[in-house]
1. Quick one: helix 98-110 against the long Cα principal axis of the chain, what's the angle to the nearest 10°, folded into 0 to 90?
2. Find the Cα radius of gyration of the range 294-431, compare it with 2.2 N^0.38 Å by division, and give the number to two decimals.
3. Count the DSSP beta bridges whose two residues both fall in the range 2-198, then state the antiparallel fraction as a percent rounded to the nearest 5.
4. What is the set of long-range amide H partners of Val410 at a cut-off below 5 Å, with H atoms built 1.01 Å from backbone N?
5. Please figure out what share of the DSSP beta bridges in the chain is antiparallel and state it in percent, rounded to the nearest 5.
6. Once you treat every alpha carbon in the range 2-198 as an equal point and sum by Debye, what is log10 I(q)/I(0) at q = 0.08, 0.09, 0.12, 0.19 Å⁻¹?
7. How many angstrom lie between the C-alpha centres of the range 118-159 and the range 355-421?
8. Under 13 Å from the Cα of Lys403, which aspartates and glutamates turn up, not counting those fewer than eight places away in the same chain?
Amino acid sequence: MKIAMVGSGYVGLVSGACFADFGHEVVCIDKDESKIDRLRQGIMPIYEPGLDALVDSNVKAGRLSFTTDLAQGIAGAQAIFIAVGTPSRRGDGHADLSFVYAVAHEVGEALSNDAVIVTKSTVPVGTGDEVERILENSGTPYRYAVVSNPEFLREGAAIGDFKRPDRIVIGAEAEFGREVMQEVYRPLFLNRAPLLFTSRRSAEMIKYASNAFLAVKITFINEMADLCEKVGGDVQDVARGIGLDNRIGPKFLHAGPGYGGSCFPKDTLALLKTSEDYDSPVRIVEAVVKANDSRKRAMGRKVIDALGGAEQARGKRVAMLGLTFKPNTDDMRDSPAIAIAQALADGGVSVVAYDPEGMEAAAPLMPEVVMATDPYAAITGADAVVIVTEWDEFRALDLKRLKTIANSNVIVDLRNIYDPQDMRAAGFAYVSVGRP
Ligand code: UDX
């Protein structure tokens, strides 16, 4: 079957390459000529483990191609995915749907066969209805159905998530839509991945409700970590103790500097906007958004405390290890590192940072930070080492070397990747999150 993927960003590219790997013929479409040129040369616009090899093998097999020409790209496709960006609109936090609607218009004009139009971008409830209206107004003579098929990919693990999903959600009103989507996902369906058919609005809700629930879970354990610090508990034991209850589950209970990334911050805000529009408050998510925002800055203050308080900290220098919002990505969107660096700069603390993949994206976002070529260059002469992102290479730092090149023995581990007892035994003044 032929599939067209409109938008070759993170979601479009990963999904397109995986669909091609299932044996479908996939055309990835994007307006950005230089992006398409580079993709044709095998250069990925994003860092995602395994993606370049997956793209390469499917291009060579003749199943995956790239174009800037939408009409040509969608010709003959039975499923046309819309996977363009839905950034938070500046000012009001609403998801900006102008790219989605622009694609719907173009598809309506260019359609040359019957097709299912699938929204893959994260879109507020009711967007599918609007896409359908746009297609209706285009007067296309072909049969079409508008389907919602949200993605649940985690950056850094996206290919695995795509190929071994917990579930596939398909919101379709028409039988034609359900039939085509069943065909699209047949390889996974045969693998018994649960395919959940719902109404279109329910599918749109599921995406926001999932992300908001995960944000709640993270924020809950982060606040438990703060409380553990006060009462002398260990948040990792607490997480394990509650997570063994099947009703709670062990995942997404890792305390840290607060969630970031391209989804949770944006999607929680968009959900709140929808709740406002419909006058149906989601107070728990309101609280989560506030708590997470203030947590990022609070982590900067935690570092300042570890340096001996505001007065002592002024004029000191910190080595920041990890900048991206999580490991195995080069994505800096809403990364806690940005707010932490800002809080440190406000406190007169300078920062030298190192990140395996994120420094290029980070530099313009944190102009006051000096980027180092490796972790040890960042640590040399630093008055404290702060671990912000749990990249594997920071899990096995040469601690002896660290001690000789740093200016002090202070380590602030915001991801709890070291053992407090070991670190104290090794002579460090070690501070972590929610642990004694
Ligand atoms: C998320 C969802 O997991 C995915 O299903 C959705 O499609 C997009 O949003 P992603 O943003 O790539 O994926 O990253 P994820 O691994 O979920 O982590 C998000 C943030 O939460 C990161 O900043 C991470 O460090 C933080 N996090 C996650 C925690 O602090 N603790 C945890 O236990 C889990």
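Throughout, read-outs are computed from the coordinates displayed, never taken from laboratory work. What you see is a predicted model; the values in this text were computed from it and never measured. Backbone-built Cβ (ideal geometry, glycine too); neighbour counts: all protein chains shown.
1. 20
2. The range 294-431 yields a ratio of 0.94.
3. Taking every DSSP beta bridge with both residues in the range 2-198, the antiparallel ones total about 10 percent.
4. So Val410 has HN proximity to Val385, Ala429.
5. Taking every DSSP beta bridge with both residues in the chain, the antiparallel ones total about 5 percent.
6. Result of the Debye calculation: -0.23, -0.30, -0.55, -1.47.
7. 42
8. Asp383
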